[in-house]
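See structure below.
The values are calculated or read from the model by the stated rules, or taken from the named source; none is laboratory data. In this text the structure is predicted, and so the values were computed from the model without any measurement. Heads up, the Cβs are rebuilt from the backbone with ideal geometry, glycines too, and the neighbour counts pull from every protein chain shown.
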Ligand SMILES: [Zn+2]
């Protein structure tokens with residue numbers, strides 16, 4: 001699936017405003033695209049670059065002319081791409097976790113030279129939050145008074161890491177989670193349909209990138225089925241069952257984060273089903289007691305489990321033994337499951 005600029009209209013007024021300015025040739029010179037992971041920040045930035053450089057003369061970007069293709073690949077001679085770990089300055093080190101001032105200085109130097117193709121110069125500054133404070137400060141003047149026909153597009157999922165002086169000089173564009181129907185369409189175009197698509201969309205929380213990632217991540221779905229069958233056990237589960245389970249998982253500490261995320265998503269889905277009548281508990285393949293739970297449990301029952309998951313997360317962060325945390329969590333779930 002190749003997203004186009006028009007599909008970004010769904011994002012609302014802010015983005016639509018930007019798109020019409022772009023179409024009318026009066027785009028502001030500095031933009032800051034923010035949003036959660038997978039909301040299309042980089043895609044939008046590259047599409048804007050294509051639109052500025054496209055040579056089709058018609059609806060821009062056409063997506064098929066040489067300028068569009070090169071811009072999309074970040075290979076256009078008039079597009080300068082800055083990102084963490086890919087030094088722009090000739091003598092830059094590759095293993096840096098920050099974007100150093102040298103890269104910004106080099107970018108400013110490039111912007112001061114003539115464009116090669118003459119239409120416009122576009123700077124795509126990905127991972128903008130990785131700029132050092134010195135790098136950010138060195139960017140201020142260019143953001144304020146960029147050379148003619150130069151467009152600087154900052155992209156970050158963490159705008160809080162930027163200096164307010166940088167933020168205030170850019171036009172802000174916040175990308176939101178995409179509507180489920182839209183993400184479903186994207187998956188359908190990839191040949192993923194039906195229940196398989198619906199599950200992935202539910203799990204992706206409006207992130208197209210995450211939905212696509214999940215579509216190809218069979219390992220995750222195996223783990224999800226496994227975790228759900230371990231925690232949502234049939235009534236009558238005893239202590240010895242729990243100890244056996246925790247024992248079989250003790251070497252899998254690396255998967256602790258995934259495990260807790262899966263439990264949260266499952267509880268979320270059950271709560272949805274219980275209180276908004278959305279979806280059906282049967283689909284989750286739950287044993288009878290947990291089906292009854294998801295049909296009849298009160299808010300306090302849900303809260304008890306959700307709190308247990310977040311306590312487990314905190315304990316793991318403070319390095320409490322994984323197996324101990326897991327056992328405690330399994331006991332809480334067993335206690336709840338045996339009530340229904
Ligand atoms: Zn084009």
Next item on the list: Tell me which of these residue 65 doesn't satisfy, since it passes every other one: (1) crowded, with 18+ Cβ neighbours inside 10 Å; (2) away from the ligand (no atom under 16 Å from the Cβ); (3) without any contact (Cβ under 8 Å) to a residue 12 or more places away in the chain.
Entry: (2)
Notebook entry, point to check: Across the range 23-44, what is the total count of residues that are closer than 27 Å to residue 210 by Cβ and assigned to a helix (DSSP H, G or I)?
Noted result: 4
Notebook entry, point to check: Is it true that some residue in the range 21-33 is more than 10 Å from the ligand (Cβ to nearest atom), closer than 17 Å to residue 174 by Cβ, free of Cβ contacts under 8 Å to residues at least 24 places away in the same chain and over 22 Å from the mean Cα position of the chain (by Cα)?
Noted result: yes
Notebook entry, point to check: Restricting the search to the range 119-159, which residues are closer than 20 Å to residue 67 by Cβ and free of Cβ contacts under 8 Å to residues at least 12 places away in the same chain?
Noted result: 148
Notebook entry, point to check: Do we have any residue at all in the range 45-57 that's more than 13 Å from the ligand (Cβ to nearest atom), surrounded by 13 or more Cβ atoms within 10 Å (Cβ to Cβ) and part of a loop (DSSP other than H, G, I, E, B)?
Noted result: no
Notebook entry, point to check: Which ranges mark the helices (runs of 4 or more DSSP H) fully within the range 81-181 that have 3 or more residues being surrounded by 16 or more Cβ atoms within 10 Å (Cβ to Cβ)?
Noted result: 101-112, 133-144
Next item on the list: Would you check if residue 18 is surrounded by 13 or more Cβ atoms within 10 Å (Cβ to Cβ), part of a helix (DSSP H, G or I) and in contact with a helix residue (DSSP H, G or I) (Cβ under 9 Å, 6 or more places away or on another chain)?
Entry: yes
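Please determine, by comparing only the residues of the range 182-198 that are free of Cβ contacts under 8 Å to residues at least 24 places away in the same chain and assigned to a helix (DSSP H, G or I), which one is surrounded by the most Cβ atoms within 10 Å (Cβ to Cβ). First the steps, then the outcome.
In the first step, residues of the range 182-198 are kept if they are free of Cβ contacts under 8 Å to residues at least 24 places away in the same chain; the result is 184-185, 188, 191-194, 196-198.
Next, from what is left, pick out any that are assigned to a helix (DSSP H, G or I): 184-185, 188, 194, 196-198.
Values: 184: 18, 185: 16, 188: 13, 194: 9, 196: 13, 197: 20, 198: 16.
My answer is 197.
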Checklist line | residue 77 being closer than 30 Å to residue 137 by Cβ, surrounded by fewer than 18 Cβ atoms within 10 Å (Cβ to Cβ) and within 16 Å of the ligand (Cβ to nearest atom) | finding: yes
Item checked: Unique match (being free of Cβ contacts under 8 Å to residues at least 60 places away in the same chain and loosely packed, with under 11 Cβ neighbours inside 10 Å) among 226, 218 -> 218
Next item on the list: Assess whether residue 38 counts as being crowded, with 21+ Cβ neighbours inside 10 Å, modelled with pLDDT under 95 and more than 16 Å from the ligand (Cβ to nearest atom).
Entry: yes
Note to self: Six or more apart or on different chains, Cβ atoms under 6 Å: show the pairs whose first residue is in the range 229-240 and more than 12 Å from residue 332 (Cα to Cα) and whose second is not in a helix (DSSP H, G or I).
What the structure shows: 234/287; 235/338
